[in-house]
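Readers should treat all values here as calculations from the given coordinates under stated rules, not as data from a laboratory. Keep in mind that this is a model prediction, so the values were computed, not measured. We place every Cβ from the backbone using ideal geometry, glycine too, and count neighbours over all the protein chains shown.
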Amino acid sequence: MHATNEPLRIEEVELAPPGRGEASVRIQATGVCHSDWNAIVGDSIVPLPSILGHEGAGIVEEVGEGVEGIAAGDHVVLSWMPSCGHCFYCRRGRPNLCEAALPGFFAGTLFDGAIRLSQDGKPVYHYSFLSTFAERAVVPAASCIPIRRDVPLEVAAIVGCAVMTGVGAAVNRARVEAGSVAVVFGAGGVGLSVVLGCRLAGARAIVAVDPVASKRKLALELGATHAVDPPGEDAADVARELTDGRGADYAFVAAGVPSLFLDAYTATRRAGTVVCIGLPREGTEVSFPATALVREEKILTGSLYGTCRDREDMPELLDLYMAGRLDLDRLITRTYPLGQINEAFADMNSGEVARGVLDLRDGAR
Ligand SMILES: NC(=O)c1ccc[n+]([C@@H]2O[C@H](COP(=O)([O-])OP(=O)(O)OC[C@H]3O[C@@H](n4cnc5c(N)ncnc54)[C@H](O)[C@@H]3O)[C@@H](O)[C@H]2O)c1
Ligand SMILES: [Zn+2]
Ligand SMILES: [Zn+2]
């Protein structure tokens, strides 16, 4: 990516060997996420030029100095929020909020400002520590989450963002209780994963909201019990019908549409939980009724990366998949070669796919 609002270009760049605490990975599969699209259109700001892509899996090629616990040949899911293990948040079991990772995340570098990508002697920035839209990547060793070898790597790839983010929002952040009622706004890769997470947790009703008919159909197939077509149909009405007029126990915002934050708030009952996952344009503000917030004791929270502990949660999700408890095959609607990356984004935006995945096993083209 050289500039906003332009198609991505496939070009040759130089990749330096992994430095201390880093590893090089041969990318095998990488999903196309709406967060990459936010960068392409300038809704989120990234340093340019950059190689996007943050939902990937691959095989470790080489490890840098001082790296323990992973070795060449290991299959890994790549975590876009690696953690240092010893900052304030890491010590409190919240590695997705790692203080040491945050500067690199926004600066387009690895830890400590390192940049391993270049083109004609000029730096090319990393994206979310990973830059998976490429045949190879140098990433922090902490981004390499070793996984079992019998998992298809395209499935592992989507666990690297959409699945962890969505299932984790339901299971880790909301802690959805068995028998509860949940509303999920947006049925893309992330929202459908929220549906899977709510189902896993034993929700009795899951209301999926999406203007695209094929997304509503897929949500119903994956475990949603009701589907709502906005703006004509109102999710809050459906939630109230299901709960003697009270409203949903949980509502999730899984699209970056600002108005959905209040819609989700309205759809929940008193003391219900609203989990915001979707990322609107940087700088967007939303309002809530202040006195109602106090009187109704609703819990309003964000969730980053499914509030995950990546090293524990991602292998667990893959175990659930292998045990037949998490239908991730259905999430991958289509695979593309890297050369069709712009088509993959177009299909995501038209609602054509639940998740599009780039297959890099035979290289870039
Ligand atoms: N919090 C995190 O850690 C995190 C991680 C990944 C993605 N995200 C964000 O989550 C959001 C979803 O990502 P995705 O990859 O699933 O996107 P996607 O484009 O695949 O899916 C978005 C879905 O929302 C639907 N939608 C659009 N307008 C809607 C409306 N008014 N009401 C209901 N549904 C509507 C679309 O039809 C689509 O199905 C994005 O904003 C993305 O940036 C956040
Ligand atoms: Zn993502
Ligand atoms: Zn940390």
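Odds and ends about this structure:
- Full-stretch length increase - V212, L320 - with 0.36 nm per residue and alpha-carbon distance subtracted: 36.0 nm
- Backbone N within the range 120-150 under 15 Å of label point (7 Å from E14 Cα along the Cβ vector): 120-125
- Residue order, fewest to most surrounding Cβ atoms within 10 angstrom, among H126, H75, H2: H2, H75, H126
- Under the Karplus curve 6.51 cos²θ - 1.76 cosθ + 1.60, θ = phi - 60°, whole-Hz ³J(HN,Hα) for the range 114-123, x wherever Gly or Pro sits: 5, 10, 9, 9, 8, 9, 6, x, 9, x
- Of Q28, Q119, Q340, the one that fluctuates the most in a GNM where the chain has Cα springs shorter than 10 Å: Q119
- Projecting the Cα atoms of S193, T243, L260 onto the dipole axis of the range 166-304, where Lys and Arg carry +1 and Asp and Glu carry -1 at the beta carbon, places S193 farthest toward the positive end.
- Applying both filters, DSSP loop and at most 12 other Cβ atoms within 10 Å, to the GluC sites (Glu not before Pro) of the range 12-49 gives E12.
- Within the range 26-113, GluC sites (Glu not before Pro) in DSSP loop having at most 14 other beta-carbon neighbours inside 10 Å: E65, E68, E99
- In the chain, taking the dipole from charged Cβ atoms about the Cα centre, the farthest positive-side position among A142, P17, F288 is held by F288.
- For the range 1-92, the set of trypsin sites (Lys or Arg not before Pro) satisfying both a DSSP loop assignment and a count of at most 15 other C-beta atoms within 10 Å is given as R9, R20, R92.
- Of V13, V77, V60, the one that fluctuates the most in a GNM where the chain has Cα springs shorter than 10 Å: V13
- The GNM of the chain, with springs linking C-alpha atoms under 10 angstrom apart, assigns the highest mean-square fluctuation among D234, D319, D244 to D244.
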